[in-house]
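Since every read-out is calculated from the coordinates, none of them should be taken as a lab result. Since this is a predicted model, take the numbers as computed values, not measurements. Methodologically, a virtual Cβ is constructed for each residue, glycine included, from the backbone with ideal geometry; neighbour enumeration extends over all protein chains shown.
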Protein chains: 2
Amino acid sequence: MRRNPERRAALLDAAIEVLADDGARGLTFRSVDRRAGVPAGTASNYFANREEILTQAGERVYERLVPDEAVLAAGLAGPRDRAKLAELMHEVVERVAAFPAGFLALLELRLEATRRPELREVLTRRVRADLDANTGYHEQSGLPGDSTAVVSLWLALNWLILERLTLPDLFTPEQRHALVVALVDRLTGQPQP
Amino acid sequence: MRRNPERRAALLDAAIEVLADDGARGLTFRSVDRRAGVPAGTASNYFANREEILTQAGERVYERLVPDEAVLAAGLAGPRDRAKLAELMHEVVERVAAFPAGFLALLELRLEATRRPELREVLTRRVRADLDANTGYHEQSGLPGDSTAVVSLWLALNWLILERLTLPDLFTPEQRHALVVALVDRLTGQPQP
């Protein structure tokens with residue numbers, strides 16, 4: 001297996017584009033080489049088989065979505081109230097939606113996982129790690145809301161991003177914004193004594 | 001175009017299975033005929049083109065998910081409190097998840113809609129009608145929660161169903177049950193004065 005990390009990353013980025021555009025069925029060594037603009041046979045020097053491309057492409061999406069240190073630090077600066085949490089949630093939604101191929105590729109991988117138990121296992125571990133990281137970051141931050149709030153926000157915001165990317169006219173940007181604020185307010189709400 | 005409604009419905013049910021199993025790219029007149037177990041050429045007597053099958057298959061999923069009159073009536077019987085709303089939400093989740101091919105076919109159609117503006121328009125209208133129906137039913141029912149609560153529940157429960165169907169081991173059945181209860185409690189909560 002070849003080891004040039006930039007080349008490997010470029011091949012996985014091409015695989016993400018192929019997944020988003022053509023689905024898992026469109027993903028072959030050949031289509032990845034073509035999309036990456038590299039000589040035929042390159043991808044097969046980096047990945048043992050198609051399954052490896054599928055799982056590593058999923059991993060690569062998460063890698064590309066990791067926020068900057070600056071963004072993470074900003075979440076821990078200043079007052080840790082609902083307004084700050086809403087601001088962070090807007091930032092997450094924008095960050096994920098700004099990489100539509102990544103989100104759509106993960107959806108295609110999920111659909112493919114219904115047919116491939118091994119891929120399902122890898123994705124389950126990856127999604128669980130993402131959820132645990134979210135929950136851990138949240139607890140550490142002192143922002144309002146318990147772990148149920150974090151998971152609930154994650155569910156609702158994922159589908160909101162799905163709507164935005166697949167049926168962008170269902171909600172206006174203002175409606176989406178208001179929904180994020182309402183979700184934060186209600187899900188982190190502590191019933192007053 | 002042929003007009004036998006049972007035959008048309010059977011062809012659309014076959015199209016839903018093809019979409020769930022093979023994605024939109026796998027959907028052809030031929031694959032629908034084959035899945036429905038009818039002579040080659042049958043689907044082309046019922047649908048003018050592939051696009052018509054795609055949009056009508058989406059419509060057919062919603063048609064098959066309409067609850068029984070008995071279920072609708074039950075929602076309006078007895079105390080209209082959060083426990084009742086949670087019970088109804090559990091019922092919706094079970095009903096949708098019990099027809100996995102329908103949910104997965106709609107996801108495939110959404111992904112295909114990112115490439116086909118006409119399909120996107122049809123799906124947007126259909127999803128909006130579904131959301132409006134949910135909101136209307138809810139308001140009429142006198143159950144707790146405003147329209148923001150209904151839309152928020154719809155977002156979160158859709159992604160919960162997506163998890164259950166694509167990565168079924170991410171949450172245990174107990175965790176999913178507890179999430180539905182928490183979502184209802186928090187999203188319909190009125191902050192105390």
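A few remarks follow.
- With its label point put 7 Å out from Cα toward Cβ, A:A83 sits 4.0 nm from the same residue's point in the other copies, in order from shortest.
- For the stretch A:58-144, the equivalent ellipsoid derived from the alpha-carbon gyration tensor has semi-axes of 28, 14, 10 Å in decreasing order.
- About its Cα centre, the stretch A:132-193 has a charge dipole of approximately 80 debye under the convention of +1 per Lys or Arg Cβ and -1 per Asp or Glu Cβ, with nothing else charged.
- Stokes-Einstein D for the stretch B:1-114, Kirkwood Rh over Cα pairs, 20 °C, 1.002 mPa s (µm²/s): 139
- Of A:M89, A:L183, B:A20, farthest towards positive along the dipole that unit charges on Lys, Arg, Asp, Glu beta carbons give the protein assembly as shown: B:A20
- Gained length - B:L76 relative to B:R7, 0.36 nm times residue gap less alpha-carbon distance: 21.3 nm
- Extension gain from B:N134 to B:R64, taking 0.36 nm per residue of separation minus the Cα-Cα distance: 23.6 nm
- The angle between the Cα long axis of helix A:82-97 and the longest principal axis of the Cα atoms of chain A comes to about 20 degrees, rounded to the nearest 10.
- Here the scattering of the protein assembly as shown is modelled by Debye summation over its C-alpha atoms, one equal scatterer each and no solvent; at q = 0.10, 0.12, 0.13 Å⁻¹ the log10 of I(q)/I(0) is -0.71, -1.00, -1.16.
- A Cβ-based charge dipole, computed about the Cα centre of chain A with Lys and Arg at +1 and Asp and Glu at -1, lands at about 600 debye.
- The stretch A:90-193: C-alpha pair distances exceeding 25 Å, %: 29
- Take the Cα radius of gyration of chain A and divide it by 2.2 N^0.38 Å, N being the number of residues; the result is 1.15.
- Gap separating the Cα centres of the stretch A:1-69 and the stretch A:126-175, nearest whole Å: 26
- Net +/- balance of residues flanking A:T42 in space, Cβ distance below 9 Å, scoring K and R +1, D and E -1: +1
- Ascending list, in nanometres, of distances separating the B:R116 label from those of the other copies (7 Å, Cα toward Cβ): 2.5
- Think of the stretch B:50-148 as a dipole: +1 on every Lys or Arg Cβ, -1 on every Asp or Glu Cβ, centred on the Cα centre; then among B:S141, B:T55, B:L119, B:L119 lies furthest on the positive end.
- Among B:L183, B:L153, B:L167, residue whose mean-square fluctuation peaks in a GNM of chain B (springs only between Cα atoms under 10 Å): B:L167
- Annotation for A:P100, label-to-label distances across the other copies: 3.0 nm (shortest first, one decimal, point 7 Å from Cα along Cα→Cβ).
- Taken about its Cα centre, the stretch B:47-108 carries a charge dipole of about 160 debye when Lys and Arg each add +1 at the Cβ and Asp and Glu each add -1 at the Cβ.
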